[in-house]
Amino acid sequence: MLTRKQHELLMFIHERIKETGVSPSFDEMKEALDLASKSGIHRLITALEERGFIRRLAHRARALEVVKLPQQATAAAPPKGRGTFKPQVLEGGGQPPAAPAPIAADNSRELPILGRIAAGTPIDAIQHERERLPVPETMLGAGEHYVLEVQGDSMIEAGILDGDYVIIRKGDTANSGEIVVALVGEEATLKRLRKKGGSIALEAANPKYETRIFGPDQVEVQGKLVGLIRRYH
């Protein structure tokens, strides 16, 4: 699932390449999505690249290529310019349940799977609980937990692969070096958090992706990684 802005940018790039043969400039993208700065466009492009929707092409001007489109993309209208878009209301806010999850007879706890995470979707707007996953009590401990399905390869060198299920302990604090779900603006991402003076760095575990630096008031920790489950099909 993409955020509204990510979807709008992807479709704008796709339609512009179809019409002209080249991807739009950052200024054109900023104007189309009604953003205040090009840094917001850079974050959206990085999120789309991490999730495999676009690819940067080396040694070419305006070097973006659309690799794939989300489902139902053909029914969505691409952005036309300032003032075109209206905010969407997301139903079923996707909040983890306040009550403790039930403990099964085999000493596991059933946790809600709230959706997928890469570098793009706010936790509170992913989707409502779609199913539950039994998780051994030994992986949990105290606190409230939820599960997210990983999409993308930005954390492969930390042993977190596309399709894995990460167990997240809900909370708003983390130590430097811990892997967290961090909310930046309308994007949420699973990254390693580093505190560097007055700044916060969000590090990928894949050399393909750059470390992103933010001010302390720009990053909101939504939970930290405490375990991982991998299903083999």
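The values are calculated or read from the model by the stated rules, or taken from the named source; none is laboratory data. Since this is a predicted model, take the numbers as computed values, not measurements. Glycine gets a Cβ as well: all are built from the backbone with ideal geometry, and neighbour counts include every protein chain shown. What goes into the accessible areas is simple: the full protein's heavy atoms, side chains included, and nothing from ligands, DNA or RNA. Shrake-Rupley method; radii C 1.70, N 1.55, O 1.52, S 1.80 Å.
Couple of notes before you dig in:
- Extended-chain gain in nm, criterion 0.36 nm per residue less alpha-carbon gap, residue 67 and residue 37: 8.3 nm
- Fraction of antiparallel bridges per DSSP, segment 138-233 only, in percent to nearest 5: 100 percent
- Each peptide in 175-188, 219-232 was scored by the mean count of other Cβ atoms within 10 Å over its residues; highest first, the order is 175-188, 219-232.
- Potential extension, residue 173-residue 213 segment - 0.36 nm per residue separation minus Cα distance: 12.7 nm
- Net charge, residue 178 excluded, C-beta distance under 9 Å - Lys, Arg +1, Asp, Glu -1: +2
- Taking a sphere under 11 Å around the Cβ of residue 201 and counting the other residues whose Cβ falls inside, with K and R at +1 and D and E at -1, yields a net charge of +4.
- Charge context of residue 192, other residues only, Cβ under 14 angstrom, K/R +1, D/E -1: +2
- For residue 144, nonlocal amide neighbours, meaning residues 5 or more places apart or on other chains whose placed amide H falls under 5 Å from its own, are 170.
- Across the accessible surface of segment 1-51, with the other protein chains kept in place and a 1.4 Å probe, carbon and sulfur atoms take up 50 percent.
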